[in-house]
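Below: the structure, in structure tokens.
Throughout, read-outs are computed from the coordinates displayed, never taken from laboratory work. No experiment lies behind these values; they were computed from the predicted model shown. Every residue, glycine among them, receives a Cβ derived from its backbone with ideal geometry; neighbour counts consider all protein chains shown.
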Amino acid sequence: MKMKMALSLVAGANLILSGITFAAGAKTYQVTGTVVAATGSMVTVQKGAEKFEIDIDPATTKGSADLNVGAKVTVTYVMSATKVEASSTAAEPSSPNPTSSP
């Protein structure tokens, strides 16, 4: 009976911890600047000398209908890969050069 209880506790703890891991999700970033271009699927925000082009989905992105050139906005976004290609040869790991002693 104690063994079943212990296994149940371990399974429950595992379920809770895995849920916390998935809840963390991708890291979010923010950029605040002036809208220099806006289309139905993209917004370009200028912050200082840098321009950020960010794709948007108007159906799911809050406030995307209010994008007007010249407006100051804060865009919250996540970075996600659409494709990853590995090279055929692995890079040589760098190791420190041994120094020779006289």
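Worth a mention:
- Local net charge near M42, Cβ-Cβ under 11 Å (Lys/Arg +1, Asp/Glu -1): -3
- FRET efficiency, K27 to T60 (Cβ-Cβ, R0 22 Å, nearest 0.05): 0.70
- Under 5 Å between amide hydrogens, built in the peptide plane, is the criterion, and for I56 it picks out M42, V43 among residues at least 5 positions away or on other chains.
- Derived scalar couplings between HN and Hα for the stretch 29-34 equal 10, 9, 9, 10, x, 9 Hz in order, rounded to whole Hz, by the Karplus curve 6.51 cos²θ - 1.76 cosθ + 1.60 (θ = phi - 60°), x for Gly and Pro.
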